[in-house]
1. In nm, to one decimal, how far is the Asp110 label point from the Thr175 one, both placed 7 Å along Cα→Cβ?
2. Within the set of other residues whose C-beta is less than 14 Å from the C-beta of Thr135, count the net charge using Lys and Arg as +1 and Asp and Glu as -1.
3. Computed FRET efficiency, Cβ-Cβ of Gln35 and Thr65, R0 25 Å: what is it to the nearest 0.05?
4. Rank-order 76-82, 91-97, 110-116 by packing density, defined as the average count of other C-beta atoms within 10 Å over each peptide's residues, highest first.
5. In what sequence, largest accessible area first, do Val179, Val163, Val28 appear using a 1.4 Å probe?
6. Report the accessible area of Ser141, computed with a 1.4 Å probe over the heavy atoms of all protein chains in place, in Å² rounded to the nearest 10.
7. Antiparallel as a % of all DSSP beta bridges within the stretch 26-181, to the nearest 5?
8. Please compute the modelled spin-label separation between Thr72 and Asp149, points set 7 Å along Cα→Cβ, answer in nm with one decimal.
Amino acid sequence: MKKLVFITISLLGFAGMCSAQQTDEKKVNCGEKVQLIATPNEGYVFTGWDDGNTDNPRFIDVDATMTVLTYTAQFTQKESDQYTINVAVAANMEHMGTIGQASFVGKKDDVITLTATPTNKCYVFDQWQDAEGNTLSMDASYDYTIEGDASVYALFKQVDFTVSVSADEQQGTVTISKVEQ
């Protein structure tokens, strides 16, 4: 029998910044992993979760000791001279890798470090791109200089291998075939 865990995610602004609270709730099986993403609305910045954790996205490994989990995302209004840099894994590549932090706030000419990590040995980091598809860097850890509000995407690619075998034709033959798992 599978144990279900209920995870509740609340999005809440402070000091009258939000007039309503939005909640999302999911049933999750024990042993699964969930990803929590806090996305600020225009003019707001994500400041962290109610337990002090600032990871965004945040990953939770669900185990048998858990029953109901509640995480509240905290937002605040950003200052007029601040810019938001939204960072994400490129569409359809989410299974290939992760990013270190999904949102940064800073002033013009501030330098932030973007990090991207492949999910396993079958994928490698390819490049960082801006919203127009321009290559910004080929390094998985990249120091980005803030110039204004922007979106930056991490791209990954699958590693392809070539396997070759040979044998003396007079002594025998060899073949290669893929094994389905």
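The values are calculated or read from the model by the stated rules, or taken from the named source; none is laboratory data. As the structure is a computational prediction, the values presented were derived from the model and not from experiment. All Cβ positions, even for glycine, are placed from backbone atoms using ideal geometry, and neighbour counts span all protein chains on display. All accessible areas refer to the heavy atoms of the entire protein, side chains included, with ligands and DNA or RNA removed. Shrake-Rupley method; radii C 1.70, N 1.55, O 1.52, S 1.80 Å.
1. For Asp110 paired with Thr175, the spin-label model returns 6.1 nm.
2. Net charge around Thr135: -3.
3. According to the calculation, E is roughly 0.80.
4. 110-116, 91-97, 76-82
5. Final ranking, largest accessible area leading: Val179, Val163, Val28.
6. 70 Å²
7. Antiparallel bridges: around 85 percent, rounded to the nearest 5.
8. 2.7 nm
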